[in-house]
Structures are given as structure tokens and as C-alpha cells.
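Right, one structure below, let's go through it.
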Amino acid sequence: MTRYALRRLAWLPIILFGVSAIVFFLLRGLPGQDPAAAIAGQGATDEQLDRIREDWGLNDPVWQQYGTWLGELVRGDFGNEFRSEKPIKDEFARRFPPSFQIITMSLFFGAIFGVGFGILSAMFRNGPLDYGVRFGAVGLSSIPEYFLLTLLIIIPLYLWNYSMPVGGYVPIYEDPVHNLKLFLPPALLIGLAGSAGLMRLTRTTMLEVLRSDYVRTASAKGLRRHTVILSHALRNAGTPIVTALGTAFVAVFGGSIIVERVLSIQGLGEWFFTAAFIRDLPVVQFLTVYTAFVVVMVNLVVDLSYGFIDPRVRYS
Amino acid sequence: MGEQDLGLRYWGRQRVTRRRALSGAVAGTAALGAIALVGCKSDKKTNGGGNGTVVPPTATINDGYQDGPGKPGGILKVRQAGALPSMNVFGPGILILAQGLTLGFTVFDHLWYVPTDTGVTELFLATKIEQPDDQGLELIVTIGDATFHDKEPANGRKVTAEDVVESFKRFKEEPPIGYSWLQDVMEDITVVDEKTLRITQRFPWAWVFTSSNAGSPIFTSILPKEILHDHDDLLLKDAIGSGHWNLQSHDNGANIKFRKFQQFRTYQNGKDITGQPYLNGVDFIFITDDNAGYAAFRAGETDTAGFTSRKQMEDTVTELGSKVVTGSDLSRDYLNLMLHMEPPFNDDRVRRAFNKLIDRDEAILLIEEGDGLKAAPIPPAHKRYQLPENDPDLVDYWTTDVAGAKQLLEAAAFDFDREYEIKHSNRATDSQLAQVLKEQLGRGGVKVKLTQEDLVKWFTQTLNQHQFQMTCFQHLPYEDVDLPLRFYMGADTSSGRPANFMDYQDADVDAAVLAAAQELDEEARVEKVLEAQRVIMRKSAPMFNVLSAINFGGRYDYVKGSVTGRGSYGLFNRTTWLDDDTRRQEA
């Protein structure tokens, strides 16, 4: 498995190189993308535009700009924001914790709801609970996250004159109450909404497994029902569920942009949104490469986890 | 004091009606949008009215003293809709607008300012201005006693003329946003002595004192000379000035906290202002989402609010009753249709016909749900410069006449088979305006194709590089009439470069606009502004202003001393105070 992992990891730089090149050249190739003109606005003289280009290295050929940027990236220098000139590394360090927390919590609740309700739905197939869960899954997956989060703000306001905590992110070790008041409701909501796919997949997979001979045998042996379900059936249904969790992670990762925007959290998603909007190219480039890195790593972890879930899986 | 948009949302800020609530959120933060059309702070605010009642726009004019003597103390909590990228007020124009607008009249001091409601120059740091020559080319400015905030490296030292001179020169080094008084009009600025400085202008410029010129909240802030160069780290993180607020803290540009500068000077405009500001501070609370902002106000987390619609304001009054004071104010921003001077729009009959096809009343109804006013070349919020409604030129300009328009188009051999393009940004207001204009122009047989563009692309490429046949958008709320007029001028007075987006040039229009800009007598200047508008309308200059919206705002009744209609200055005026007893009771 180690060799498999190393082989997969060996592809990482190649994938990141490809992503970085595509993003870099695409951003500079789009029409109307002269960053100096965008920064300077109308009225800038040629000298002033030249100064901006000089300051940001925009006079160099594009491939040379890419080489410089890539070299710095490899050395751990992510560059500076166009807009504020602040180091991207510092800003990333500041914005990572809230994003990490919202993603982790949402994924946690998504997994609990998705797998839990999926199992229940399979166990009580075609019963009221099954129909309820399936109806809820379809309903939740069809409502945009932005709308759900807006309801999260509006409904408590009109019912109890309650406002979500304002003023942004406070680390959990500084003020756990404020932190959880800010993160728990959206994480539950996003988790629940995001769990719909997982819920349906778990149900389908469990239904197949529950019909298997070995499950029937385990039941015939007199094992308790929950032991049969959790120890025998679920483990065999685990592989597609973990795969779906990996996909859900990527979805939650993207969804964090909306959560952060609506809840005024200065995280990575909000940063990406703002940077993309104002053409802060160094930030967009960095965050795209970072996202690719995370997605590749998550997929690797998912692949490696198959071996733990199902001992029949061999990495070769 | 109204909602604080902090410039980041400046260009993106719009009246988000119920219909637009969702799309508005997508348009969201248009930081870069603050880009260029200059201007100052958003004027989305409350002007106060009777308790718990909805007041028509500008029915009540408050001078800040209407609630009796101010009481010292308290921290005002207001919404901050966007985080500042840094505290740096220097850099290419578009990058520093947000910082300039936030810190300009708070942390930093200025020589003077012209409040939009009175139109009369108020001296701030300056105590005397002399214009020795008849043309006003030279200004001798005397400054009063003031000290900088007690922070390294200024350490509370006195403000000198050299600080003013060096600050102006430092701002002049940066690329401007379009026309700039510093670059295009100011010839030089020099120190005469510790308390006196001399400004020379290349040509007479009557607007020198206004907020788009030497009274700019952004580009004429006064900083200690020792941090103007080679202190990039300090400028990114902190702001040191001599204004009435000291920047106490911020969370990387969010949740900014201002605290009263105890050594703030005691004079202004010949008045003793000892003890002002009354507030101990202002806390900006970072809330990006409009719904969350409204919820925070309703729950008492913020003291002021900007409402997205009249309905939301009325609902709030119903819910909170006399605890809130709501009001409406006429916005200084304005919507327009712009034609590029290429065939067929270089034919004034075609331009005239297009204007005749615009139904402004209908546009107000469709876009602003009836809450707006028709706009002339100078938007209606600038009351002093409004033509009487029965002015023949204005009547003609505002009259919708589809039959007359068709006749004009036919006379001009207009190609009705051709499709004409309106490019517009993806801002909700711009999109709505484009839809309305397409429909209205269509009544005259004009085939219109709409092309929506990303805001930044639209601004930097389409508008800035004049790459459009037609475009329509919402202008920023300029605090004076200099810019709205100068958008019609054909060439910049000094550089000769095109001064307008339409590539429009007309000697009569240029002469009329310049005549106003160079008329030093205030009363005479008002007349010349009125006349310039008449010329612009008669010539069918290719920027047709459509309407200005009415904004709605509110505050809890314990917030006192608000000033009406003063844009940037009003937002940060020192007369606001809190009735803490009422606040505690209501909490």
C-alpha cells in the first residue's frame, strides 16, 4: 500500500503543474485582462501603467511570469495580493481555520445524517420512515444552499427576533459559545442538505447488502439486528459510501464560499470570491492550486481507505 | 448616520428591492467596482423623521442640532458590509477608494469641505483662505492648531503646513481615477511657513473646494510627513492622522473600531467644537449579507440600518414602532443611457429620438417601484442646481414622444433593420435598466440586443476603453456637480485626452461646462450650471440621465444628532450622539 500511495503522490506535482499552468495562462489570456489597466483605471498615464507593470513584473513575457511565479510557489513564497500587497501566505494562515472548521463540521454532520438516515431508510424499506427520508433527501438536495442559509437568517429573526452572531469568526478556544452559535446552525443545515446524495446511496447499497446470503446467515445465527447491520452489512457497503464522502467533501469545500459570504466569515471561500471578482490574479492562482492539492489528497485518502474497509482490496 | 458600506460595496451597492434580493447577493461585493467614476461615500442613509413614522424624502432637514445639546459617551454600532484590503490610502486610484472613503473623514483631517446640503465651504484644518489674484489661481491657506494621533512615529506632534504639502504631493504621485484636480489642475503646492501653504493652479477652477477636487475625502487626506515614504508596512496596517477618530483596531480590515481622539482640535469653521465628537467611538460590525445586516439591526446588534425597500422600512416600523426612526433620502447616484459617438449616434436627430423614447416615469415605476425622481444632466439630489420643472428645455428633455421620435429617426434615415447593442454590467440595477430601455426603445422600432458583461470587464474594457455602441449604468453618488457636468466635456482641460466615455465633443457644451467651472462667484456659478444643463439637453449630448432612486434607512431612537444629506461628511459627522438611558431601557 505504501508503494501505491507513493506512486499516487508522485503524480501530485504533475497534476498541480498542469492545474497551475492552465489557470495562469487562462487568466492572462482572457480578453480585457491587462491587470495594470484594471488596477490603474481611466486616466492613468503610460508612465504610471509602466510603473505598475514593472512593480508586478507584468512587462515580462507570460511564460517568464509563469516561471517566476512557479519557482516562488515551490519555494513556499505564494506572492502578494494585488489589492492590498499583503503576503498571500499570511492571509492564507489567517483564513484557513474558519474554513477548515465549517468544512469539517458540515462534512461530519453530512456523514452522520447521510449514513444514518440511509441505513434507517434501508431497514424500514417502503415504510413511512423510508418515504419520509427519501422525500426529505430529494427536497433538501433541490434547494440552493444560498436560499437555505438565507432562511437560517430570516426565520429566527421573524420568530424570535434572533440574529446570527455578527462580527465574523472567533476561534473556538477564545469564545466557544460565540463560535458554536456561529458555526453549528449552518454546519447542521449544510450537512443535512449535503447529505441527501449520501443518504440515497447508502440506502441503495444497504438494500443490496441486506439481501446477501452472509447477512441472512448472520441473522440466522441469532446475532442482534444492530450487530448485523453495523458490523456486517455496513462494512461491506462502505466502499461506495466513502467514495461519496470524498465527493461530498469537494462539494462542501465549494459550498463554504456561500456560507462564508452569508455569515460574514473571512475564510478561504470568501477570499476566493472577492479575489475572483476583482481580478486579484495571484490570489486566484494560489487558491486554485491549493484547491487542486486538497482534492487530490482527499481522493488519495479515499482510495487508501478502501483497503481498511474491505480487506479484499489489494493495491497493485 | 446610515449604513456603512465602506466603499468596498460602493460601486456594487444598490437598492436591492425584494425582487432583486437574491440576484443582488450574487452581485454582492463589487470591490473593484468602486473603481473609477470617482465620487465619494454612498449616501444610503436615514435622515430621520418623526418617531416610528415613514417620512417622504428630505421632508426633514437635520443639521445635527435638532435633538438638543449632545451628550457625550457611548459607542455607535454600525454595519460594515465589506472588509478593507488594508489601511493603505496610497496606490492606484481604484485600489484605495475603500480605505480613502472609510478613513478619509474619520482618521484623517482635511483643509476644507463643501457639504452637499448647504453648498457652502466649511473650513476644517484651514482657518483662512486667501485668493490674492482675481482668477483664484493662487490660494494662500493658513492652518490652525492640531496634533496627530499619539502613535509612532508621529507621537502626537503638531500638524504643520509641510505635512499638508507632502501629503498632497504623495497623493499626486499615484495614478488618478479619471480627471484629478491634483494632477490636472494643481500646478504646485509649497510651504510658506509652519502654518501657511501656497497652492497654485494652472487655470481658474471654481470647484477647487469640492469633494472631487481639493476637498476630496480620499485624495487630500493629511498624514504625518514621516510616514509618507518607505513605511509600507505601517501604512498597510495602521492609519495615523489628526482627525476626530483614532483607529483603535481592526481585524484585517474588518470590524474596525474608532475611538475618540481626545486631543482633537477645538475649532472648526470659526466655531468652537470643544468636546466633539460626542461619541466615545464607532464600532463597525462586519456583516456582508444584506439579510444578516437587517437581522442584526432588528435584533439590536447594530444601531442603524439601510433598508432594501420601502416595504422593508414599513415592516420595521410596524414591528418596532416608536423605537426606530426611519427616513428616506434622495440618492445622488443616477441611472443613464450612454451612446457612443459613431454612426448613427453622431446624428443629433437620432440621439434626440432615443431620448424621446425614454419613458422616465415608467422606468421609475419598474426599476424603483415608484420610489425615484426623474434626472436631468445634474441628478435631482443636487437641489441648488435643479432647473425649474417648467423650464422649456427640461420639459422637452423629459417628454416621452414615440411618434415624434419615429419621425426624427425616419428623417435621419435610421436603419430600423439593424440591431443595436446595449452592453451593461451584471449589477442588478444595470440589468434592469437595460431591460427597460430595450423595451422603451423598441416602441420606436429600434431593435436592441442586450449584452451582459461581468462588472469588472464592463468597467475596465467596455466603459473605460469606450468599446460600446450603447451602454447603461448607475453612476456613483457624486457629492458635487463638477463631475456630472464634466462627463459631457469633450477633452480634458489640461492634458487634452478624451474626458468622456462617449467620445463626444461639442464646442458649445465644452464652453458651457468650462464657464461654470471657472466662474468664481457662487451665485453666478449656479446660473452657469443651469445654463450648461440647458446646452447639454439642447444638443442631445449622448448621456441621457434617467432617474435617481430614493433610499430608505433607519436608526434606533436613541441615536441623536444625525445630519441630513451630507454624503461622506454626514456619515462621519461629529454631531451624532447616543441617549444611553433610552438605549439601556430598550435593550
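Table: residues versus (1) crowded, with 21+ Cβ neighbours inside 10 Å; (2) in contact (Cβ under 8 Å) with a residue 40 or more places away in the chain.
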| residue | (1), (2) |
| --- | --- |
| B:E194 | no, no |
| B:L197 | yes, yes |
| B:F209 | yes, yes |
| B:T220 | yes, yes |
| B:W245 | yes, yes |
| B:K260 | yes, no |
| B:I273 | no, yes |
| B:N280 | no, yes |
| B:A292 | yes, no |
Residues in region B:82-99: is at least one away from every other protein chain (no Cβ under 14 Å) and farther than 21 Å from B:H244 by Cα?
no
B:P72 vs (1) more than 14 Å from chain A (Cβ to nearest Cβ); (2) assigned to a loop (DSSP other than H, G, I, E, B); (3) modelled with pLDDT of 75 or more; (4) crowded, with 24+ Cβ neighbours inside 10 Å: all pass except (4)
Going by the structure shown, is B:K457 over 21 Å from the mean Cα position of the chain (by Cα) and either of a type outside the set (D, E, K, R) or surrounded by fewer than 20 Cβ atoms within 10 Å (Cβ to Cβ) (or both)?
yes
Does B:E389 satisfy the criteria of being among the acidic types (D, E), within 22 Å of B:I364 (Cα to Cα), in the same structural domain as B:A524 (by TED's automatic domain parsing) and in a loop (DSSP other than H, G, I, E, B)?
yes
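Say whether the condition of being among the acidic types (D, E), more than 18 Å from A:I15 (Cα to Cα) and more than 12 Å from chain B (Cβ to nearest Cβ) is met by at least one residue in region A:46-53. Before the answer, list the steps.
Step one: list which residues in region A:46-53 are among the acidic types (D, E), which gives A:46-47, A:50.
Applying the additional criterion that residues be more than 18 Å from A:I15 (Cα to Cα) yields A:46-47, A:50.
Those still in the list that are more than 12 Å from chain B (Cβ to nearest Cβ) too: none.
Within region A:46-53, not a single residue is among the acidic types (D, E), more than 18 Å from A:I15 (Cα to Cα) and more than 12 Å from chain B (Cβ to nearest Cβ).
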Would you kindly identify the strands (runs of 3 or more DSSP E) lying entirely within region B:319-378 that contain at least 1 residues that are modelled with pLDDT of 95 or more and buried (at least 23 other Cβ atoms within 10 Å of the Cβ)?
B:335-339
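Considering only region A:202-316, give the helices (runs of 4 or more DSSP H) lying wholly within it that have at least 1 residues that are away from chain B (no Cβ under 14 Å).
A:213-220, A:234-262, A:281-309
Only one residue in A:S163, A:S212 is over 19 Å from A:L107 (Cβ atoms), in contact (Cβ under 8 Å) with a residue 24 or more places away in the chain and of a type in the set (G, A, S), so which one is that?
Numbers: A:S163 fails: in contact (Cβ under 8 Å) with a residue 24 or more places away in the chain.
Residue meeting the stated conditions: A:S212.
Which of the residues that make up region B:274-290 are within 8 Å of another protein chain (Cβ to nearest Cβ), at pLDDT 90 or above and either at positive phi or not in a strand (DSSP E or B) (or both)?
If the condition is that a residue be within 8 Å of another protein chain (Cβ to nearest Cβ), at pLDDT 90 or above and either at positive phi or not in a strand (DSSP E or B) (or both), then B:I287 is the only one that fits.
Looking at B:K151, is it under 26 Å from the mean Cα position of the chain (by Cα), closer than 20 Å to B:F90 by Cα and among the charged types (D, E, K, R)? Before the answer, list the steps.
Values: under 26 Å from the mean Cα position of the chain (by Cα): no; closer than 20 Å to B:F90 by Cα: yes; among the charged types (D, E, K, R): yes.
Considered against the rule, which asks whether it is under 26 Å from the mean Cα position of the chain (by Cα), closer than 20 Å to B:F90 by Cα and among the charged types (D, E, K, R), B:K151 comes out as no.
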What number of residues within region A:102-128 satisfy the criterion of being over 19 Å from A:A237 (Cα atoms) and out of contact with any helix residue (DSSP H, G or I) (no Cβ under 6 Å at 6 or more places or on another chain)?
4
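Just the residues that are within 14 Å of chain B (Cβ to nearest Cβ) and free of Cβ contacts under 8 Å to residues at least 24 places away in the same chain, please, taken from region A:60-86.
We begin by selecting, within region A:60-86, every residue within 14 Å of chain B (Cβ to nearest Cβ); these are A:80-86.
Within region A:60-86, A:S84, A:E85, A:K86 qualify.
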Take region A:116-129 and flag every residue that is in a helix (DSSP H, G or I), touching a residue at least 24 places away in the same chain (Cβ under 8 Å) and within 18 Å of A:R211 (Cα to Cα).
A:G118, A:I119, A:S121, A:A122, A:M123
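The values are calculated or read from the model by the stated rules, or taken from the named source; none is laboratory data. These numbers were taken from a predicted model, which means no experiment stands behind them. Note: ideal-geometry Cβ built from the backbone for every residue, glycine included; neighbour counts use all protein chains shown.
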